[in-house]
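The values are calculated or read from the model by the stated rules, or taken from the named source; none is laboratory data. Model, not experiment: these values are computed from the prediction. Methodologically, a virtual Cβ is constructed for each residue, glycine included, from the backbone with ideal geometry; neighbour enumeration extends over all protein chains shown.
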Amino acid sequence: MPVIMGTAGHIDHGKTTLIKALTGIDCDRLAEEKKRGITIELGFAFMDLPGGARLGVIDVPGHERFVKNMVAGAAGIDFVMLVIAADEGVMPQTREHLDICTLLGVETGLVALTKTDMVDADWLAMVTDDVRAGLAGTFLADAPLFPVSSHTGTGLPELRAALAALAAGFAPRRRSDLARLPIDRVFTLKGHGTVVTGTLIAGAFRLGEDVQLYPTDTRSKIRGLQSHGETVEESPAGRRTAVNLAGLEVEDIERGEVLARPGTLFPDTVWEVELACLASAPRAIKHRTEVHFHHGTRELLARVHLLDREKLEPGQTAVCQMRFPEPLAGVYGDRVVVRSGAPLRTMAGGRVLSPMGRKIKRFDEAAAPVLAAMATATGADLVALQLSRAGAEGLGFSRLMTLTDLESKALDKALTTLCDKGGAALVDRDGKEGRHFVHGEVLAALSKSLADFMAAYHAREPLKLGISRSELASTWGKALSPKLFHFVIERQLRAGVFATGQDVLRLAGHKVSLASDQAKLRGILLDAYQKGGLTPPNVKDILEPLNLTFKEAQPVYKVLMDEGRIVKAQEGMYFCAEAIATLTEKVRAYYAAGATDMGPAEFRELTGLSRKFLIALLEYLDKEKVTVRVGDKRQLRKK
């Protein structure tokens with residue numbers, strides 16, 4: 001797998017000269033850099049290793065004014081070569097660069113003690129001891145140290161061999177399928193058009209792929225790929241990569257943007273970060289302090305919102321929220337650096353816990369353990385935490401990838417494990433962001449909430465058999481997505497908690513509860529319509545002897561219709577459902593015997609009914625799609 005080495009060290013300690021001596025490549029490409037003799041922008045080179053592999057090299061500026069460019073370069077490196085001049089020893093930017101590498105999670109490297117041709121042996125021995133003392137307690141405390149001279153070549157073979165061995169034995173952890181390239185250069189190449197460069201920190205880019213610039217929605221296609229000066233069909237993670245973008249001008253792109261595939265990153269203005277304040281920081285970081293925030297190749301102002309304290313003291317670590325004036329795209333586990341404003345100095349750094357933060361009240365005791373767990377959780381546990389925080393909104397597969405930093409195969413396995421154990425559920429197979437999942441406890445809470453809602457509804461409406469899906473969606477389910485609403489309903493039906501019938505939903509054990517007088521009325525009405533058959537009595541004739549109005553009796557009529565005992569043919573005209581079913585069969589038999597149509601006369605002959613009921617029943621059969629009217633006749637409606 002490709003490996004990237006970065007330089008670090010104070011200005012004028014010979015970083016660029018050493019890289020040229022090792023690789024033959026001059027990383028100072030700007031006229032101003034050559035004129036002033038200092039590195040301003042990032043420089044890039046490569047070193048061929050035994051066996052045909054190549055070590056990518058990023059040369060960073062050492063001047064304090066260009067530390068932001070140093071951070072942009074260090075964000076993509078695997079190990080560091082700390083360069084210290086033998087004639088000066090450890091200097092301010094030596095320490096700051098080392099702090100930045102530590103904050104960015106760099107854990108491996110070596111030390112090159114340059115300009116040894118300018119000092120004698122006693123001085124070199126003293127400086128070596130000072131350097132060892134200065135590196136005590138850092139990740140380079142036990143790193144090999146190589147005295148070299150870029151001018152005489154002294155020590156270069158040994159340094160070159162050590163770099164080759166370090167690169168050969170290094171196994172960087174990179175994802176294979178979420179391609180991201182933080183852009184550090186944008187320029188026009190004659191005959192090709194707009195080109196961006198950066199270190200591909202994850203995934204792989206292929207020729208012809210569709211890509212997007214984040215945080216904007218600018219789309220393009222990869223027209224050409226180069227890595228270490230060679231044209232390639234594919235560039236994997238860990239490579240310095242130049243991408244020729246189709247249809248874009250230089251002014252369409254900004255350094256600091258991230259090139260990735262469309263729909264794979266989700267920029268936000270609030271991030272949650274595990275922030276560590278350097279023990280060497282001159283002061284604490286107070287709540288709402290404005291800072292310079294570095295992520296990848298991007299620098300922007302941000303405010304630190306401390307959640308459990310008023311200030312973060314030097315040497316302390318805490319989970320906080322970073323709030324930005326514009327959206328920023330990142331992934332769980334990304335490393336960040338925070339620098340103070342005046343004077344500019346590296347103060348803190350840490351890890352992204354969520355690049356899509358959620359509103360959290362300060363000193364919220366319930367939120368604290370969740371945030372703490374996010375800092376240490378891995379695999380399925382981390383997936384479960386992120387799903388739990390998402391609540392009823394749930395998370396799509398693409399969004400889960402950015403919130404967990406898991407490979408797609410590992411994420412698939414974690415989700416399968418969770419779903420099998422009831423810790424999560426797949427609620428939508430074709431969501432906008434891929435398969436969509438909701439946490440198991442969230443679903444359990446929704447199921448209970450729905451059951452409680454239904455119980456309250458039945459208590460409030462004892463004469464109704466249930467509630468329609470549309471009414472339920474506009475009341476209890478109005479805050480849910482249609483897919484989640486449907487999922488919860490079907491889940492309750494499968495579990496036997498709900499029952500359905502007559503186009504309504506109800507609790508499985510619910511039965512219409514009639515008061516004694518209403519129960520008596522139900523019996524009277526049902527008896528009247530059963531006896532009436534296809535010639536039922538008028539509503540008025542039934543209710544007047546009982547001193548009831550239709551408005552008073554209407555709830556009982558509704559119960560009988562919900563139960564399927566009577567049907568309403570037209571306003572004020574009801575029939576026994578059994579009689580209607582018998583009539584429907586008789587009509588179907590009429591057509592089955594060879595008749596092609598039926599008029600009022602034929603219907604009267606078939607049923608013996610008067611016009612009063614005849615027309616109402618013909619229209620009812622049309623409405624129920626048994627027959628269809630064609631002119632003055634009815635034909636059997638075909639399926």
Sole exception among (1) out of contact with any Lys or Arg (no Cβ under 7 Å at 6 or more places or on another chain); (2) of a type outside the set (S, T, Y); (3) over 27 Å from G333 (Cα atoms); (4) buried (at least 17 other Cβ atoms within 10 Å of the Cβ) for E272, by number: (3)
Restrict the check to the stretch 607-615 and report whether at least one residue is under 20 Å from K531 (Cβ atoms), of a type in the set (F, W, Y) and modelled with pLDDT under 95. yes
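If I ask for residues that are under 16 Å from R339 (Cα atoms) and of a type outside the set (D, E, K, R), which ones from the stretch 95-125 would you list? Can you show your working first?
Narrowing the stretch 95-125 to residues under 16 Å from R339 (Cα atoms): 95-104.
Scanning the stretch 95-125 gives H97, L98, I100, C101, T102, L103, L104.
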What's the number of the condition H97 fails, among (1) at pLDDT below 90; (2) more than 35 Å from the chain's Cα centre (by Cα)? (2)
Does S280 satisfy the criteria of being polar (S, T, N, Q), assigned by TED's automatic domain parsing to the domain that holds V352 and either loosely packed, with under 15 Cβ neighbours inside 10 Å or free of Cβ contacts under 8 Å to residues at least 24 places away in the same chain (or both)? yes
Can you give me the number of residues within the stretch 315-332 that are touching a residue at least 60 places away in the same chain (Cβ under 8 Å) and either buried (at least 18 other Cβ atoms within 10 Å of the Cβ) or polar (S, T, N, Q) (or both)? 5
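Of T346, T376, T264, T289, which residue is under 29 Å from C419 (Cα atoms), touching a Ser or Thr at 6+ places or on another chain (Cβ under 9 Å) and polar (S, T, N, Q)? So that I can check it myself, show each step before the final result.
Values: T346 fails: under 29 Å from C419 (Cα atoms); T376 fails: touching a Ser or Thr at 6+ places or on another chain (Cβ under 9 Å); T289 fails: under 29 Å from C419 (Cα atoms).
On inspection, the qualifying residue turns out to be T264.
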So P157 passes all but one of these: (1) surrounded by 18 or more Cβ atoms within 10 Å (Cβ to Cβ); (2) more than 28 Å from the chain's Cα centre (by Cα). Which condition number does it fail? (1)
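Report yes if some residue within the stretch 488-495 is closer than 20 Å to R469 by Cβ, in a loop (DSSP other than H, G, I, E, B) and not assigned by TED's automatic domain parsing to the domain that holds I467; otherwise report no.
Of all residues in the stretch 488-495, those closer than 20 Å to R469 by Cβ come to 488-495.
Still in the list and also in a loop (DSSP other than H, G, I, E, B): 495.
Now narrow it down to the ones that are not assigned by TED's automatic domain parsing to the domain that holds I467: 495.
Yes, that holds for at least one residue.
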Per the filter on the stretch 427-476, residues charged (D, E, K, R), in contact with a helix residue (DSSP H, G or I) (Cβ under 8 Å, 6 or more places away or on another chain) and closer than 29 Å to E563 by Cα are K464, R469
Kindly indicate whether any position in the stretch 582-596 is touching a strand residue (DSSP E or B) at 6+ places or on another chain (Cβ under 7 Å), under 24 Å from V504 (Cβ atoms) and part of a helix (DSSP H, G or I). no
Subset of the stretch 333-375 (residues that are among the basic types (K, R), out of contact with any His (no Cβ under 6 Å at 6 or more places or on another chain) and surrounded by 15 or more Cβ atoms within 10 Å (Cβ to Cβ)): R335, R345, R351
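Working carefully through the options A112, A31, find the one that is over 24 Å from R185 (Cβ atoms) and either at pLDDT below 80 or buried (at least 23 other Cβ atoms within 10 Å of the Cβ) (or both). Please lay out each step first, then the result.
Numbers: A31 fails: over 24 Å from R185 (Cβ atoms).
From the options A112, A31, the qualifying one is A112.
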Output the qualifying pairs, or none if there are none: Cβ atoms under 6 angstrom, residues six or more apart or on different chains, first residue in the stretch 445-472 and assigned by TED's automatic domain parsing to the domain that holds G422 and in contact (Cβ under 8 Å) with a residue 60 or more places away in the chain, second residue assigned to a helix (DSSP H, G or I) and surrounded by 13 or more Cβ atoms within 10 Å (Cβ to Cβ). L463/P555; L463/V559; L465/D562
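Report, by residue number, each residue of the stretch 537-581 that is charged (D, E, K, R), in a helix (DSSP H, G or I) and either over 20 Å from K623 (Cα atoms) or touching a strand residue (DSSP E or B) at 6+ places or on another chain (Cβ under 9 Å) (or both).
Filtering the stretch 537-581 down to residues charged (D, E, K, R) leaves 540-541, 544, 551-552, 558, 562-563, 565, 568, 571, 578.
Right, trim to in a helix (DSSP H, G or I) and you get 540-541, 544, 551-552, 558, 562, 578.
K540, D541, E544, K551, E552, D562 - these are the residues of the stretch 537-581 that are charged (D, E, K, R), in a helix (DSSP H, G or I) and either over 20 Å from K623 (Cα atoms) or touching a strand residue (DSSP E or B) at 6+ places or on another chain (Cβ under 9 Å) (or both).
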First in the stretch 554-568 and in contact (Cβ under 8 Å) with a residue 40 or more places away in the chain, second anywhere and assigned to a helix (DSSP H, G or I) and hydroxyl-bearing (S, T, Y), Cβ under 6 Å, 6 or more apart: I566/Y529
